[in-house]
Amino acid sequence: MPLHLDEFQKEQLTGYVQTVPLQRKYLLRDIMPQEPVFDINFAYNVIEGHYAQMASLTGWNASAPLRDTKDFKQAFAEVAKIQHQSQLDEKQLLAFNRPRTDQEKAKVIDYVYDTTDDLVMGVDDAEEFLRAQVVYTGKLKYADKENDMHIDADFGIPKANRIKAEKVWSDAASTPLEDIQKAVEQYKKENQRRKPVVMHMTSATEANLLKNEQVRTQVYGENAGKRLLTKDDLQNVFTALSLPPYQVNDDVVNTNDGEQQLLADDTVALIGADLGKTFVGPLVETNYEPGKFVEPQILTNPPRQIITVGEACFPGLQKPQSIVLLSV
């Protein structure tokens, strides 16, 4: 008890783990959606900045002109196994043994499900942490001495796509609208005149914009005084100037080194469409199929019951030129 119960056998618990809804909104999961791969080592295409050429108008009975293939380069990667576990120790097992009523039994079952939910969320958080490293820094750095796991990868965001604001945005006299326009122009230069689809910033950066004199003047005119700006005002300003809309990302994850923000307060990320995929690979625990796994274990000496949840994944950035990082 409780992992002896039918609902916590591996097959049943695996079905549960693989269908648990996301427990919070992950902004980057929409930008780099999951895609299964069937080997832990795999290749994916990186687009070198060229987009499709328009079709030609031809006469009837004429052959279609042949286009050059897209300028791809191959990137090679290996999915990383991410996992963690929770255990019921000897004292907890004694407390859970032989519940006196159906209500007590239900509480035990709920406890195991709640614990499993937390483990699943931890795996989803790890996925988002990896995506954030790639999208918000262009690099993937991870060091875990305890588990001898070290990753140091550079995804090749063009140097010119890293832009510094003329004046820090915490200064009310800064010119953030011009900074963003400059960043958009750089994005367009690298992406065949296309614009970013969204900007990500933290609420601290948003607060600086809501106190900014240039933004206030854009909304209220030259004699704006100290009238307050709203988030809707800010979105409307961006729309009026043909700038991309913004989203606030204040998400944090709990790492081995403590709580960590996914996006730094001094960075605005301008992001394009179809950046890449979160490749999810196979595991022995999932019968060599991609997806999350769960491993319930009943152990002795000392008596304990363990639930392990994990996944194998890698964030593959396929359009590094479609990210501009603005330091503010």
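What's the long-distance tail for the chain, i.e. % of Cα pairs beyond 37 Å? Roughly 35 percent, rounded to a whole number. Per-residue packing, averaged as other Cβ atoms within 10 Å, sorts the ranges 278-285, 16-23 into the order 278-285, 16-23, beginning with the highest. Longest exposed-loop-site-free stretch of the chain, with trypsin sites (Lys or Arg not before Pro), DSSP loop and at most 11 other Cβ within 10 Å? Counting only loop sites that pass the neighbour cut-off, the longest clear stretch is 228-328. Relative to one another, the C-alpha centroids of the range 92-141 and the range 230-288 are positioned 23 Å apart. Label separation (Leu241 vs Gln12): 5.8 nm, computed from points 7 Å beyond Cα along the C-beta direction. Of the cross-linked pairs Lys139/Lys182; Lys10/Lys91; Lys25/Lys226; Lys141/Lys292; Lys164/Lys195; Lys159/Lys231, those separated by over 28 Å at the C-alpha level are Lys25/Lys226; Lys159/Lys231. Among the GluC sites (Glu not before Pro) found in the range 180-261, those both in a DSSP coil and sparsely packed, with 15 or fewer other Cβ atoms within 10 Å of their Cβ, are Glu222. The slack between Asn254 and Asn97, meaning 0.36 nm per residue of separation minus the straight C-alpha distance, is 53.3 nm. When only Cα pairs below 8 angstrom with a gap of at least 6 residues are kept, the range 123-274 shows a relative contact order of 25 percent.
Contact order for the chain, expressed relative to its length and based on alpha carbon pairs under 8 Å spaced 6+ residues apart, stands at 29 percent. Annotation: amide H-H contacts under 5 Å for Ala312 (H modelled 1.01 Å from N, sequence separation of 5 or more, or interchain): Ile82, Gly281, Gly291.
Ordered by the number of other Cβ atoms lying within 10 Å of each residue's own Cβ, fewest first, Leu88, Leu228 fall into the sequence Leu228, Leu88. Can you tell me the orientation of helix 231-240 relative to the chain, as the angle in degrees between its alpha-carbon axis and the longest Cα principal axis, to the nearest 10? Its long axis makes an angle of about 40 degrees. Each residue of the range 26-37 was assigned a 3J(HN,Hα) from its phi angle through the Karplus expression (A = 6.51, B = -1.76, C = 1.60, θ = phi - 60°), giving 9, 4, 7, 5, 5, 7, 10, x, 5, 9, x, 10 Hz with x at Gly and Pro.
Here, each number is a calculation from the coordinates, and none is a lab measurement. What you see is a predicted model, and the numbers here were worked out from it, not measured in a lab. Because the Cβ atoms are built from the backbone with ideal geometry, glycine has one as well, and the counts that use them run over all protein chains shown.
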